[in-house]
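Here the structure is laid out as structure tokens; the discussion comes afterwards.
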Amino acid sequence: MLRSNGPGPSYSRPKDQKKTGRPVQFEITEQTRASLEVWLRILRATGSRYLFPSRLHARPHLSTRQYSRLVHRWVDGIGLKSIFYGTHSMRRTKVTQIYRKTGNLRAVQLLLGHTKLESTVRYLGIEVDDALHIAEQIEL
């Protein structure tokens with residue numbers, strides 16, 4: 001669970017990837033940053049240690065199930081069919097778009113925190129031959 005540590009939000013700060021324990025870089029938009037700053041001021045006033053506290057007093061933070069319900073409500077709220085969207089598909093969407101626009105498989109691998117290129121290929125659902133062909137065209 002994400003926690004609020006310190007006086008303000010950390011931007012572009014590495015977060016440990018749950019499976020590997022390795023740091024993964026992440027970015028947030030200016031609009032998200034502004035919203036987080038307002039939210040953190042509210043949280044500090046309540047004394048909560050979590051960015052997403054639970055409404056239930058018995059639990060300190062939002063559960064994955066509660067988060068999933070929120071995502072489905074948000075998707076429904078903007079007129080899309082929530083059956084096609086979930087918490088994980090939103091994570092996959094950004095890196096898929098980066099891959100489609102740039103063909104840079106290594107960048108996607110780094111953003112996802114994958115140690116093996118094969119894991120990134122599987123995650124994106126692309127064929128190994130296609131991925132290797134694109135990777136060979138990118139000079140680092």
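By the gyration tensor of its Cα atoms, with a ≥ b ≥ c the square roots of the eigenvalues, what is the shape of segment 42-129: rounded for a/c under 1.5, prolate for a/b over b/c, or oblate? Since a/c reaches 1.5 and a/b is larger than b/c, the shape of segment 42-129 is classed as prolate. Taking amide H atoms as placed 1.01 Å from N in the peptide plane, the amide H of residue 54 lies under 5 Å from those of 61, 62, each 5 or more residues away in sequence or on another chain. The overall shape of segment 87-137 is prolate: from the C-alpha gyration tensor, with semi-axes ordered a ≥ b ≥ c, the ratio a/c is 1.5 or greater and a/b exceeds b/c. Applying both filters, DSSP loop and at most 15 other Cβ atoms within 10 Å, to the GluC sites (Glu not before Pro) of segment 43-140 gives 127, 139. Count Lys and Arg as plus one, Asp and Glu as minus one, and take only other residues whose Cβ is under 14 Å from that of residue 70; the net charge is then +3.
Any read-out appearing in this document is the output of simple, stated calculations on the displayed coordinates, not a laboratory observation. Just so it is clear, the structure is predicted and the values come from calculations on it, not from any experiment. Positions of Cβ are backbone-derived with ideal geometry, glycine not excepted, and every protein chain shown enters the neighbour counts.
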